[in-house]
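Chemist: Sending over a structure as structure tokens; questions will come in a sec.
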Amino acid sequence: MKAVIMAGGEGTRLRPITETMPKPLVEVGGIPVLEHIFRLLLRHGITEAALTTRYLGDVIRSREGDAYTSPAGERLGLCCFEEREPLGTAGGVRQAKPFWQGSEPFLVISGDAMTDFDLTAAEEFHRRKGGAVTVLLSYAPDPREYGTVIMSEGGRIIGFSEKPAWQRALSGTVNTGIYIISPEVMEQVGEGEKCDFAADLFPALLDRGIPMYGMICEGHWCDIGTAESYYAENMRGGRRNILSESGEAFVDGSAELDGTIVYAGVRVGALAQISGSVLCSDCRIENGARICDGCIIGEGATVGEGAILLPGTLIGSGENVGEGEIRGEPRRGGEPTPIPGGLRIPPEPAACFRLGAAIGAAVGASLDHGSIGAVGGSSDRSELLRSALLLGIASVGCTAYDCGIGSAAMAAYTASVLEYDLMLHIAERDDLDPDGGCAELLIYDGCGLYPCREFERKLGRELSRNHPSTGGGRVNKGISAEQLYRSALVRAHRDMCGRHGDLYGKGGSMNSSRGAEGGIGDFSVCVSGVGEEAFLLEDVLTELGYRIRARRDADITVYLGAGGGSAELLDRRGGTARADMWHLLTVLTADGILHGGVSKIALPYASPACLARLAHRLGAHVLRYGSCPSENSEREARRLSAGMPELRDGSFAAVRTLVLLGENTLGEICTALPDFCFAEDSFDAEQLRIPPDGSAIGKPDGEGYRIEYGNRGRVRVVPDGGMYRLYADAVNEEYAAELLELSREKLRELTGDGNEGNAAF
């Protein structure tokens, strides 16, 4: 078997190390990654290999020549094929056709892969299955930078999800970028055609019914793509300090090294302090220098006497850090941390300015221009952060709109109304970091939902770059998100009243005793909740003519969840009755279909099955959407959801439901609804291993898996960061609790320990 090594990537996440050195030549243990791959090939009897190069390809070709000889004397024949323009993974391999053409399958491997996979066993698997492609798979705790593969029983591949969001990562089983391919497959790619294996070629093969198989490999695999993975790979083996095997280094006896990789030719001066970092070949660390965790010092670089490198600083090959110089950015509250739909960042104007510039650059990467709005919290600090964010956006040529003070719910609604490319919400969150607080940034697209994974990837790339000011952008005064949201709530209430004019007497007119137009004065209301949403909803209800009372005195209490995304109502008239948001939405959905002529309805995957059944029964077509899709999929459903804010916003659900309570109690309304309970739990998934076909759990379903429990209900299992969310959809609370426990037991079996979920009913 021959091998094609893809060595054309730019390695942007390792800059500036990779500005002068291609990623395949970055050293692990003093040996280039590419040489590790050569040794792996020779161990499995592969003696011919081709390199596909593009970025700094001349550097790779000058290093390798036409052959490689291992320390044991084994010889690997080499040839190179240059990609003059980016053609994608499959397009680049197609360029090497003179090398791989013939009747024998060949191996394709990424030039940044560190692995000890059994390639001999993989070749035998490929021949035994007789498929066109075999994809080598491994487990990764964070699949977002890779791609997941879905298989049926027997290992046949039935689907791909390329670099998914957490919510779309159906398992931790990822595509390693190592394939065994029959030559006829590559004939599907035209010469000079841009084509990626996982994103383009493999899905096309599936559509044509061409068999492909996945093999879950035992052993080690790592993609040397980030500073964190590069450091971890060098430290693999458990030693506190690693000295390269290819030569000696000089470390002064008074220097302090802890958890540091030291390559050949490194010189470390007296009293230097180095922690958790990588010192590449021939670099110099002068007396008294301090290097903090997560730093990488490139080949031949110098860190001057008394210099300080702050955590996570990368110094490029041959670069000089001056005497006493401080490099890197201070980290208060930690580095930007991904969360669903956004980031947590240090609450500092400088950090927000840089983040704004990165967001503007990410938008500009796909558009000729960009328009981005921002809403912020009400504190002085939050306003300062919002201003810095907007200035950063404008600095790279985008038009920024300041939409004032408001909540995340207001930002999401505003995003669905205004034609901005993005809407941002930033607010200081002292509760998230006791050591100094942090700021939380949420990002919404034009549908008022979290952007797709494609934008997340663009933003990740831009966060690693510097963005000098380009001019041309500006900060404009935008429409107030709070005023827009307030007006929309009033309008939603009055539209509902128009549908139910019979509640107010003949012709829909209201009795004067019932308050201002559009309001109902026959009962009193209390709004309970924390944040701007609760205060604004109370103001709106007052404007509409409702009598606002303290909780103990109110007939109806509206409970808004954190962020305003959910609602519960409590009605004390004629006995206590309580309903959560999904019960309310069931009522509202039926009302919208019957009175509003709704033919289609968009529902999130995490919604009760009875809601979809009700819609179907009333003649409405149901579309599903996820919170953060991996690509621009589910487009129609997401756009449709923008016109149905009551399906994801507790305040909209509440104001519309209050109209229905003018003539009926909540208990009477709920009696007419199907019995169901919607409960939630979580499970720590750090060590979870789900087979790619999901057979150990259930059937793939939108953002996760669905486990059916007959007439008792179902549980959806959805990946979410380092854990899995469990959503029980059952006929009552007892069944919901039982089904959650049964589902947790399934997951415990996949972890091999007795890990308990954290109840969150």
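Chemist: List pairs: first in region 521-546 and free of Cβ contacts under 8 Å to residues at least 24 places away in the same chain, second buried (at least 22 other Cβ atoms within 10 Å of the Cβ), Cβ under 6 Å, 6+ apart or cross-chain?
Modeler: Listed pairs, sorted by first residue: 538/527.
Chemist: Still on this model: In region 641-674, how many residues are of a type in the set (D, E, K, R), more than 21 Å from residue 617 (Cβ to Cβ) and at pLDDT below 85?
Modeler: Number satisfying all stated conditions: 2.
Chemist: Let me ask another. Determine whether region 653-668 contains at least one residue that is outside any loop (DSSP other than H, G, I, E, B), acidic (Asp, Glu), out of contact with any Gly (no Cβ under 9 Å at 6 or more places or on another chain) and farther than 22 Å from residue 498 by Cβ.
Modeler: no
Chemist: Residue pairs, Cβ under 7 Å, 6 or more apart or interchain, first in region 114-130 and under 14 Å from residue 104 (Cβ atoms), second outside any helix (DSSP H, G or I). List them.
Modeler: Short answer, once both residue conditions are applied: 123/1; 123/180; 126/105; 126/134; 126/180.
Here is a yes/no grid of residues against (1) farther than 27 Å from residue 626 by Cβ; (2) among the basic types (Lys, Arg); (3) in contact with a His (Cβ under 9 Å, 6 or more places away or on another chain):
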| position | (1), (2), (3) |
| --- | --- |
| 381 | yes, yes, no |
| 400 | yes, no, no |
| 422 | no, no, no |
| 445 | no, no, no |
| 450 | no, no, no |
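Chemist: Could you list, in sequence order, all residues of region 389-414 that are within 13 Å of residue 536 (Cβ to Cβ) and of a type in the set (Phe, Trp, Tyr)?
Modeler: 413
Chemist: Follow-up. Would you confirm whether any residue within region 325-341 is assigned to a strand (DSSP E or B), modelled with pLDDT of 85 or more and surrounded by fewer than 19 Cβ atoms within 10 Å (Cβ to Cβ)?
Modeler: There is no residue in region 325-341 that is assigned to a strand (DSSP E or B), modelled with pLDDT of 85 or more and surrounded by fewer than 19 Cβ atoms within 10 Å (Cβ to Cβ).
Chemist: Modelled with pLDDT of 75 or more, more than 29 Å from residue 535 (Cβ to Cβ) and buried (at least 18 other Cβ atoms within 10 Å of the Cβ): does that describe residue 677?
Modeler: In short, yes.
Chemist: Quick one: how many residues across region 342-384 are within 17 Å of the chain's Cα centre (by Cα) and either modelled with pLDDT under 80 or aromatic (Phe, Trp, Tyr) (or both)?
Modeler: Adding up the residues that qualify gives 1.
Chemist: Right, next: Scan region 59-76 residue by residue and report those that are surrounded by fewer than 22 Cβ atoms within 10 Å (Cβ to Cβ), at pLDDT below 80 and not charged (D, E, K, R).
Modeler: 59, 62, 65, 67, 68, 69, 70, 71, 72, 73
Chemist: If the requirement is being among the β-branched types (Val, Ile, Thr), farther than 15 Å from residue 326 by Cα and under 34 Å from the mean Cα position of the chain (by Cα), which of these qualifies: 266, 278?
Modeler: Of 266, 278, the one residue that is among the β-branched types (Val, Ile, Thr), farther than 15 Å from residue 326 by Cα and under 34 Å from the mean Cα position of the chain (by Cα) is 278.
Chemist: Give region 1-21 a look and list any residue that's more than 20 Å from residue 458 (Cα to Cα), touching a Ser or Thr at 6+ places or on another chain (Cβ under 8 Å) and modelled with pLDDT of 70 or more, or say none.
Modeler: 4, 5, 6, 7
Chemist: Do we find a residue being at pLDDT 80 or above and closer than 30 Å to residue 452 by Cα anywhere in region 147-157?
Modeler: Checking region 147-157: not a single residue is at pLDDT 80 or above and closer than 30 Å to residue 452 by Cα.
Chemist: Something else now. Would it be correct to say that residue 539 is under 20 Å from residue 495 (Cβ atoms) and surrounded by fewer than 16 Cβ atoms within 10 Å (Cβ to Cβ)?
Modeler: Yes; evaluated as a whole, the condition is true for this residue.
Chemist: Something else about it: Applying the selection to region 107-146, what residues are modelled with pLDDT under 75 and crowded, with 19+ Cβ neighbours inside 10 Å?
Modeler: 140, 143, 144, 146 - these are the residues of region 107-146 that are modelled with pLDDT under 75 and crowded, with 19+ Cβ neighbours inside 10 Å.
Chemist: May I pose another question? Out of the residues in region 307-324 that are crowded, with 17+ Cβ neighbours inside 10 Å and more than 30 Å from residue 438 (Cβ to Cβ), state the one that is modelled with the lowest pLDDT.
Modeler: 317
Chemist: Take the conditions modelled with pLDDT of 75 or more, surrounded by 24 or more Cβ atoms within 10 Å (Cβ to Cβ) and touching a Gly at 6+ places or on another chain (Cβ under 9 Å) and apply them to residue 425. Does it pass?
Modeler: In short, yes.
Chemist: Please find, within region 680-703, the residue that is modelled with the highest pLDDT out of those that are touching a Lys or Arg at 6+ places or on another chain (Cβ under 8 Å) and surrounded by 21 or more Cβ atoms within 10 Å (Cβ to Cβ).
Modeler: Only one residue fits best here, namely 681.
Chemist: How many residues does region 279-290 hold that are modelled with pLDDT under 90 and not in a loop (DSSP other than H, G, I, E, B)?
Modeler: Of the residues in that region, 2 qualify.
The values are calculated or read from the model by the stated rules, or taken from the named source; none is laboratory data. Every value quoted in this text rests on a predicted model; they were computed, and no experiment measured them. Neighbour counts run over all protein chains shown; Cβ positions are idealised from the backbone, glycine included.
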